[in-house]
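Asks: Below is a structure I'd like to ask you about.
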Amino acid sequence: MDYVISHDFAGEVAAAARWIRDNLNGVTAEPAHSQILVHTRYNCGL
């Protein structure tokens, strides 16, 4: 496999928690987009 495309799962969970908290406080906004990560053998320390 040459490339793996993934997401920052910890960042997504944190953003979801902030979005829910803000929504409960009356702030209505679209959820932020998460960062897409591309892993290769050159940037993963293999």
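Each reported figure results from applying straightforward, stated rules to the coordinates on display, with no laboratory input. Because the structure is a prediction, the values reported are computed rather than measured. A quick note on method: Cβ atoms are made from the backbone with ideal geometry, for glycine too, and the neighbour counts reach across all protein chains shown.
Asks: Quick check on Val38: is it assigned to a helix (DSSP H, G or I) and either among the polar types (S, T, N, Q) or exposed (fewer than 13 other Cβ atoms within 10 Å of the Cβ) (or both)?
Replies: no
Asks: Answer yes if at least one residue in the range 15-33 is in contact (Cβ under 8 Å) with a residue 24 or more places away in the chain, surrounded by 10 or more Cβ atoms within 10 Å (Cβ to Cβ) and among the hydrophobic types (A, V, I, L, M, F, W, C), and no otherwise.
Replies: The answer is no, given that none of the residues of the range 15-33 is in contact (Cβ under 8 Å) with a residue 24 or more places away in the chain, surrounded by 10 or more Cβ atoms within 10 Å (Cβ to Cβ) and among the hydrophobic types (A, V, I, L, M, F, W, C).
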